[in-house]
1. Hey, among Ser32, Ser66, Ser11, which residue is in contact with a strand residue (DSSP E or B) (Cβ under 9 Å, 6 or more places away or on another chain), assigned to a loop (DSSP other than H, G, I, E, B) and outside the structural domain of Val211 (by TED's automatic domain parsing)?
2. With free of Cβ contacts under 8 Å to residues at least 40 places away in the same chain, in a loop (DSSP other than H, G, I, E, B) and of a type in the set (Lys, Arg) as the only criterion, which of Lys120, Lys132 stands out?
3. If you take the residues of the range 72-98 that are of a type in the set (A, V, I, L, M, F, W, C) and part of a strand (DSSP E or B), which of them is farthest from Glu56 (Cα to Cα)?
4. Quick one: which residue in Val109, Val119, Val43, Val54 is in contact with a helix residue (DSSP H, G or I) (Cβ under 9 Å, 6 or more places away or on another chain), crowded, with 16+ Cβ neighbours inside 10 Å and more than 21 Å from Ile177 (Cβ to Cβ)?
5. Can Ser245 be described as touching a residue at least 24 places away in the same chain (Cβ under 8 Å) and under 18 Å from Val85 (Cβ atoms)?
6. Scan the range 234-249 for residues that are in a helix (DSSP H, G or I), of a type outside the set (A, V, I, L, M, F, W, C) and either at pLDDT 95 or above or closer than 20 Å to Ile165 by Cβ (or both) and jot them down.
Amino acid sequence: MSNQAFWYGSSLAAVVAGDELELGGPEGHHASNVKRIAVGEQVDLVDGEGHRAVTEVTATSKSGLSLKALQLHTEAAPRFPVTLVQALAKGDRDLQAVESAVELDVSHVVPWQSERSIVKWPADRAAKALAKWESLILSATKQSRRSFRPSVETAITSTQLTRRIGEWTADGSLVVILHEAENNALAHVVSAYLNQRTAQGGLEDASGAVVLIVGPEGGISPQEIEKFTQAGAVPALLGRNVLRSSSAGPAAMVLVRHLTGEL
């Protein structure tokens, strides 16, 4: 079983075996008082930038842990980073989707205020709502013991998303709209993209990015589909059954990760 992971809060890039480290603050308090980590146990420290320090606990206190670094691992980022554009949804279904996506190695998350979203992020509550997403992403990062912390931005409108789609596709990314009325299967769309990237750069050099757009409970409007498609996005069918907003993104993530060989 892998070691429990804790958020270090600053870069671990310069850490070498034998270094003495301190885990304090809320994270250290949680490790010592809630998780009850004991002297002699090994735990991992992660910094969200791909660095993982394997450490041994040398002392504990109510405020945190003292640790000795045993090894430092620098992990490679995915060759095909996945961005999840998740429409705001009621009942915290948007947060459920994001949590699962983090566990499945999503790289970036974009909250989307779609035309049919029931949940709104008004200006006076946007910062608080974003902080909730950030907290959940950090928690899911630690729970899944990832060394990379996904980034997240404040909610964007459909007009802003249209512009972003143009930017993403101009950079060579594949932008997919998950939509139940399409006939073109997501697996075919992603496979065609991967084949194209491989042909352009060769098998070893092939890399790229995939963006998945997931609508709210009421679906993506025809007007949004038209605008997004004109900007370069590709509508695709995930499967024969209609999934909730909370499960569509994670299900698509599994498929994409499988096809890219990074699951």
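The values are calculated or read from the model by the stated rules, or taken from the named source; none is laboratory data. Quantities reported herein were computed from a predicted structural model and do not represent experimental measurements. Cβ sites come from the backbone with ideal geometry, for glycine too, and all protein chains shown count toward neighbours.
1. That would be Ser11, the only listed residue that is in contact with a strand residue (DSSP E or B) (Cβ under 9 Å, 6 or more places away or on another chain), assigned to a loop (DSSP other than H, G, I, E, B) and outside the structural domain of Val211 (by TED's automatic domain parsing).
2. When all the criteria are applied, what remains is Lys120.
3. For the range 72-98, the residue satisfying everything is Ala87.
4. From the options Val109, Val119, Val43, Val54, the qualifying one is Val43.
5. Here the answer is yes, as Ser245 does meet what is asked.
6. Ser245, Gly249
Here is a yes/no grid of residues against (1) of a type in the set (A, V, I, L, M, F, W, C); (2) in contact with a Gly (Cβ under 8 Å, 6 or more places away or on another chain); (3) in a strand (DSSP E or B):
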{"position": "Ser100", "(1), (2), (3)": "no, yes, no"}
{"position": "Val110", "(1), (2), (3)": "yes, no, yes"}
{"position": "Ile137", "(1), (2), (3)": "yes, no, no"}
{"position": "Lys142", "(1), (2), (3)": "no, no, no"}
{"position": "Val176", "(1), (2), (3)": "yes, no, yes"}
{"position": "His188", "(1), (2), (3)": "no, no, no"}
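Here is a yes/no grid of residues against (1) within 30 Å of Ile37 (Cα to Cα); (2) acidic (Asp, Glu); (3) touching a strand residue (DSSP E or B) at 6+ places or on another chain (Cβ under 9 Å):
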{"site": "Thr83", "(1), (2), (3)": "no, no, yes"}
{"site": "Lys90", "(1), (2), (3)": "no, no, no"}
{"site": "Gln96", "(1), (2), (3)": "yes, no, no"}
{"site": "Pro122", "(1), (2), (3)": "no, no, no"}
{"site": "Leu130", "(1), (2), (3)": "no, no, yes"}
{"site": "Thr159", "(1), (2), (3)": "no, no, no"}
